[in-house]
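Structure first, then comments.
Just so it is clear, none of the values below were taken in a lab; they were calculated from the coordinates. As the structure is a prediction and not an experimental result, all values here were calculated from the model. Note that we place each Cβ from the backbone using ideal geometry, even for glycine, and neighbour counts take in every protein chain shown.
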Amino acid sequence: MKRIALFPGSFDPLTMGHLDTIERGAKLFDELIIGVFVNTTKKSYFTSEEKLEVVKETVAHIPNVRVIGQENELTVNVAEKLGAKFLLRGIRSVKDYEYEKEIAYMNHHLDHKLETVFLLAEPKYSHISSSILKEVWAFNGDIKEYVPDAVYRALEEKRENSEK
Ligand code: ADP
C-alpha cells in the first residue's frame with residue numbers, strides 16, 4: 001500500500017520553513033500532497049490561485065510531491081478522498097505544539113485511522129512565520145532568505161500592483 005500524506009496549511013505565503021518540512025516529509029512517504037487551503041481564522045494576503053501557483057512552482061523539483069487547492073471540506077474528508085492515512089504538520093515552538101495538539105486530537109476524533117506526523121522545524125527557520133514575514137515585508141524589511149524565489153517574485157508583483 002502506498003503511504004500517502006497530506007500537508008494542509010494556509011501557506012500565505014509559503015516560507016523556507018514550510019519548504020524544509022515539505023522536503024523532509026517527502027522522504028518519509030511515497031507521496032506527499034500539499035493542500036493549499038484557507039484558514040478561516042486568518043485574513044489572506046494572497047488569493048488561493050496565487051498561493052497555488054507559487055507552491056506548485058516551488059515544489060516542482062520534488063517528484064513525489066503534488067499540490068491541490070482549496071476544498072470546501074474538512075481536512076479529514078479531503079485526506080480520505082485522497083487515500084492519505086497521514087497528515088503532516090510542523091512544530092516550531094511550545095506555542096505551536098499546543099495549537100497543533102488541539103487540531104491533531106480533533107482530527108483523530110473525526111477519523112481514528114488518520115495519524116498526524118509532526119516534524120520539528122529546522123532551527124534556522126523556527127522563528128519565522130508567514131505572518132511575521134508579511135509584517136516585515138510591509139515595512140520594506142529584507143526577507144529574501146526566508147522565502148522561495150517564486151514567493152519573493154509574487155510579493156514584488158503584488159507591491160508593484162498596489163503602487164499603481
Ligand atoms: P495554518 O494556517 O493551517 O496553521 P500555516 O501555513 O501557517 O497554516 O502552517 C502550516 C504548517 O506549517 C503548520 O503546522 C505550521 O506549524 C508549520 N510551519 C509554519 N511555519 C513553519 C516554519 N518556519 N518551519 C516549520 N514549520 C512551519
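Can you pull the Rg over Rh of the chain, Cα-only, Kirkwood?
Working: Rg = 15.6 Å, Rh = 16.3 Å.
With Rh from the inverse mean 1/r over Cα pairs, Rg/Rh is 0.96.
I'd like the projected area of the range 102-164, averaged over all directions, using the convex hull of its alpha carbons. Report it in nm² with one decimal.
Details: hull surface 26.1 nm².
So the Cα hull casts an average projection of 6.5 nm².
Report, ordered by chain and residue number, the lysines lying within cross-link reach of residue 144, taken as a straight Cα distance under 29 Å and ignoring same-chain residues fewer than 8 apart.
27, 42, 43, 51, 56, 95, 124, 134, 158, 164
Once the convex hull of the alpha carbons of the range 26-72 is built, what does its volume come to per residue, in cubic angstrom?
Details: hull volume 4.0 nm³, N = 47.
In the range 26-72, the Cα convex hull volume per residue is 86 Å³.
Taking Cα atoms, how many degrees apart are the long axis of helix 94-110 and the longest axis of the chain, rounded to 10 and kept between 0 and 90?
The two axes meet at around 40 degrees.
Nothing charged except the Cβ atoms of Lys and Arg (+1) and of Asp and Glu (-1): what's the magnitude of the dipole of the chain about its Cα centre? Round to the nearest 20 debye.
On the way: 23 positive and 27 negative charges, 60 e Å.
Dipole about the Cα centre, nearest 20: 280 debye.
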